[in-house]
Amino acid sequence: METPSDIVGHEKQCGELLTDIAHRNVTHAYLFLGPPHLGKFTVARWFAWRLLVDGLDPASHAAVREQIDRMIHPDFLSMDALWIEGVQEDWRVISQSSNIPQEQRTKKPAAKTDTISIEDVRSLHERLLATGDSSHLCCLIRSIERMQPAAANAFLKLLEEPPPRVVFVLTTANEHALLPTVVSRTRILRFHPLPTDKLKPLLDGQDDDEASFALHLAHGAPGTLVSLLQNPDLLRANKQLHAQAKQFWQAQTLHERLKWVMPYAERHADLPALLKHLGDTLREHPDPVRKAEWAVAYTQLAEALTTNAHRGLLLERFALAVSHYPC
């Protein structure tokens, strides 16, 4: 478990949470809002630890920290990794971040996506009714936007009439994907990308070129930076994709652009990575006129890919739109 000195950045948010505890002003639901991989869930786990040791002998703090790390504290609930048929079926991996029962996800029809269903919320509700010894029962849910509509409405009822002692700590990267009534029943703490000086300690001992590229790619997200630096293969793959995305904008013909972009029409292709690198390299383009014109096509592609429209057609239209404004 982390303490404020171990968390990268977010001093203001940690300070506000400590003030809530000190002033006995802890609300029943917090919403940590900000882009992915900033450390929102890391801060949430630390906050839960601080709540659960509040009033205890300092000698017991380490034991509580270990219980949370091992996901066995009776007053600590976490919904992070979900069981997904054919994708994540390793309970050992799931148990490292989630301790809310998920057996219902294995029943037919088994869960095949990373969405939180109404059955998951019902399972959560059952655990919330359990009794414990702490003054708080902390329930953490990562990426609350994963809730299906029926699940979100069921969860709203929990927010409206929470069981005694419960403190929800929710995280999201997309406030607009949540029910407004859910948002209105939480206290929002906004998290922002960190400046370079906050991230530099993570670069100690790293190759200068790799550290510089990883820092550029992370966009202020310490989680992304650490993942890249700890996984040379991932860093290498991102370097290659970044270079290819740059070539896409520099291409002289429609044929060149189609040759690069059309493989991503396959369902197994990593479209989020494609969009990220296309966006990054577009921002790096030296021509402000072309950048503005191509940004329209890029935005249309990003929005269209969230629908059920045919990937191949969307990518073809995108390449055509960009080629309409040649370099």
Task: Residue list for the stretch 1-48, filter: of a type outside the set (S, T, N, Q), over 12 Å from Val169 (Cα atoms) and in a helix (DSSP H, G or I) - done: Glu11, Lys12, Cys14, Gly15, Glu16, Leu18, Asp20, Ile21, Ala22
Open item on the list: Kindly evaluate Leu254 against the criterion of being surrounded by fewer than 16 Cβ atoms within 10 Å (Cβ to Cβ) and closer than 14 Å to Lys276 by Cβ.
Closed with: no
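Yes or no, residue by residue, for (1) surrounded by 20 or more Cβ atoms within 10 Å (Cβ to Cβ); (2) more than 24 Å from the chain's Cα centre (by Cα); (3) at pLDDT 90 or above:
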site	(1), (2), (3)
Leu52	yes, yes, yes
Ser60	no, yes, yes
Val64	yes, yes, yes
Met79	yes, no, yes
Asp90	no, no, yes
Val93	no, no, yes
Gln96	no, no, yes
- [ ] Could you please let me know if Gln206 is more than 21 Å from Pro36 (Cβ to Cβ), touching a Pro at 6+ places or on another chain (Cβ under 8 Å) and either modelled with pLDDT under 90 or not charged (D, E, K, R) (or both)?
- [x] no
Open item on the list: For the structure I just gave you, tell me whether Ala81 is assigned to a loop (DSSP other than H, G, I, E, B) and either in contact with an Asp or Glu (Cβ under 6 Å, 6 or more places away or on another chain) or among the small types (Gly, Ala, Ser) (or both).
Closed with: yes
- [ ] Name the one entry in Leu82, Leu77, Leu56 that is farther than 26 Å from Ser117 by Cα and touching a helix residue (DSSP H, G or I) at 6+ places or on another chain (Cβ under 8 Å).
- [x] Leu56
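The values are calculated or read from the model by the stated rules, or taken from the named source; none is laboratory data. Every value quoted in this text rests on a predicted model; they were computed, and no experiment measured them. So basically every Cβ, Gly included, is an ideal-geometry build from the backbone, and we count neighbours across all protein chains shown.
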